[in-house]
Amino acid sequence: MKFAAFLLLTVGAFALFALTMTFAPLLPAWGNYAAHGGFIVVSGLLWLLLRGKRLRPVFFAFFAASVGLTLGFYGSDPILALLGLTTKTPMGVAAAKLVQAALIVIGILAVALLSGESLGSLYLRKGRLLIGLAVGLAGAAVCVFLAMQQPAVAAIGLTKLKPLLPWIALFVFANACMEELLFRGLFLGRYEPLMGKAFAVLATALAFTLAHMQVTYAPEMIPFLSVTFVFALLWAWLMQATKSLWGSVLFHAGADVIIILPVFKSLGAI
């Protein structure tokens, strides 16, 4: 039963993220409408109909994620255009990520609060805060150190890199907050009663990793996905251990520093 739940929910989560949280267009316009609308309707109906059933909290997670992802998918470009920004500049890339992340988070929180769900069920709580922040800061520091050793940093030079720092910080923290809530805070605690803590960690890590198969900034996909999977396991474990997502957010933001210059480059921002 645990393995069956693990398998089915991992496949379902991958389908959700692959089709609605696209880094590059995968479907025609009508396909995007069908995917977003379909996930909202199906997961919402199952959540409403399965009262008293063990799977109900999981379908709440799918519904909340679907709503948030739909807001982010369709709302970010119009807002960016309204602000007169494009993703051809570091500021535009950071602003685009902030807008997308804010819309996804707002969607998830709105569904949770309107449904009577506690923020604590999303790991938005203090938990073992000092331990989480200590581990998160240590992990982030190691990642930033590794990022500074990249040839891309040497090619740009520290003088040219310095003006990018505010946009780098904005991007990595916006992305980390959004992804930790979306991939782990929303699903991890709702998976555990069905499949246990170990399978819950593995399921969220696999969904997170597979959703990144479509990125365009990774020169070698297999090494990139392997490292992503390890990070995803660590962040889920840290969230479980500290009963909070703040340490994972900090660690995740540090890890994103490693890929931020390739992201900027792939979008033509540098």
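We did not get these values from a lab; they are worked out from the coordinates using the rules stated. Quantities reported herein were computed from a predicted structural model and do not represent experimental measurements. Note that we place each Cβ from the backbone using ideal geometry, even for glycine, and neighbour counts take in every protein chain shown.
Kindly rank 30-39, 173-182 from highest to lowest mean number of other beta carbons found within 10 Å of each residue. Before the final figure, lay out the partial values.
Numbers: 30-39: 15.4, 173-182: 23.7.
Ranked from most to least packed, the peptides come out as 173-182, 30-39.
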field: Helix 56-82 vs. the chain, principal-axis angle (Cα, 0 to 90°, nearest 10)
entry: 40
- prompt: Just the Cα atoms of the chain, one point each, no solvent: what log10 I(q)/I(0) does Debye give at q = 0.10, 0.12 Å⁻¹?
  reply: -0.50, -0.72
- prompt: Cross-link partners among lysines for LYS160, C-alpha distance below 24 Å, same-chain residues fewer than 8 apart left out?
  reply: LYS88, LYS97, LYS265
task: Return the calculated 222 nm mean residue ellipticity for the chain, to the nearest 500 deg cm²/dmol, obtained by summing -39500 (n - 2.57) across DSSP H runs with n ≥ 4 and dividing by the residue count.
output: -25500 deg cm²/dmol
message: Taking the beta-carbon count within 10 Å as an exposure proxy, list LYS243, LYS53 from fewest neighbours to most.
response: LYS53, LYS243
- request: Kindly identify segment 79-170 as rounded, prolate or oblate by the Cα gyration tensor criterion: order the square roots of the eigenvalues as a ≥ b ≥ c, call it rounded if a/c is under 1.5, otherwise compare a/b with b/c, prolate if a/b is larger, else oblate.
  value: oblate
message: Let me check against my output: what whole-number percent is the relative contact order of segment 2-266, with C-alpha pairs under 8 Å and at least 6 apart?
response: 28
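Roughly how many debye, to the nearest 20, is the charge dipole of segment 2-266 about its Cα centre, given +1 on each Lys and Arg Cβ, -1 on each Asp and Glu Cβ, and no other charges? All intermediate terms of the calculation are to be shown ahead of the outcome.
On the way: 17 positive and 7 negative charges, 112 e Å.
Using only the charged Cβ atoms, the result is roughly 540 debye.
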